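The values are calculated or read from the model by the stated rules, or taken from the named source; none is laboratory data. Quantities reported herein were computed from a predicted structural model and do not represent experimental measurements. Ideal geometry is used to build each Cβ from the backbone, glycine not excepted, and the neighbour counts take in all protein chains shown.
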Amino acid sequence: MNGMNSEQFEDCLRRQPLRATPPGWRRKILAEAANASSARARSRSSQNWAKTLFGWMWPRPMAWAGLAAAWVAIFVLNKLSAPTPEESAQAEAGAAIADANLQILGSLDELDFAAETTPVRPSSTPETKPPDQGSLERPETSVAPQT
Amino acid sequence: MADEAELRRLYDAHANALYAYLLNLTRNESDSHDILQDVFCHVARRHDFVANAREERAFLLRMAYNAFVDSTRRRHAREHREQSFAQESVGLFEQAAHADEAVFRKELEAAMAELPVEQRSVVHLRLWEELTFDEIATLMQIPPDTAASRYRYGIDKLRDRLRHLYDEIR
């Protein structure tokens, strides 16, 4: 082997110094690692919250049963309170009638308003006067003072 | 979860070794950086793994190797670029003071790049990390005999390749 001892050769290779990490990497890699660490801490805190809730619920089957019963009750009430198609049709018809009535009432109000704003002639018949107006008018014939 | 002081300590103690190992595996500085960063992010998230490890360095080297294997699989599946690891060879060693040494290191880098990555990994861990074959076997999840035979094959190839230069620098 031309004096090429295996151990000597391996020692020769071992003596070759390996390149060191580029100096700029330290800050960057440690910053990334710190970010990863804090992100994990955040996720662990939310996991802890879930774990606490689970830990509270797990040994309490009644709490789970109550929650399930509440959901079932909400579902049933929702189904029961939903109107049938006939009820929906009736409600729509009733709403249309009510709209029509409101329109009629509105037109009547307009007629009354028009009547009130029409000027009244003074020579109208006494029965057309309101009673309070008549009492305020003076009599046309003057009464001579008694001596 | 590791605090920042502990992360700094781990980096200062092991980053150079991990970097050199990754550089030897990937032959690519950018890939080495990404994998090294992955390793430290993983350490930051699950520091208890490292704290419970018997040999910190061996454990981190194992993490680096696993991260490299994962990265290679992803790359292989994605774009078949694994061959570029050997082509984009970067300086594995420090700059040499003498011309003969510089030539030898350059040839050694090239010879290492020609080794299959499994042999390269074993040779690196045995030569520069001075791990035993049992430790290498644990790290790479292979039988110790396989580690030993890979090392022997790798060293034989390097010796054949560097024979003409070895006598000059000896």
Residue pairs meeting the criteria (Cβ under 6 Å; at least 6 apart or on separate chains; first at the interface with chain A (Cβ under 7 Å from one of its Cβ atoms), in region B:1-15; second modelled with pLDDT of 90 or more and not in a helix (DSSP H, G or I)): B:A15/A:T21
Residue match in region B:34-51 (condition: within 12 Å of chain A (Cβ to nearest Cβ), in a loop (DSSP other than H, G, I, E, B) and in contact with a Lys or Arg (Cβ under 9 Å, 6 or more places away or on another chain)): yes
Residue count, region A:5-19 (criterion: closer than 15 Å to B:H124 by Cα and either facing another protein chain (nearest Cβ under 7 Å) or part of a helix (DSSP H, G or I) (or both)): 10
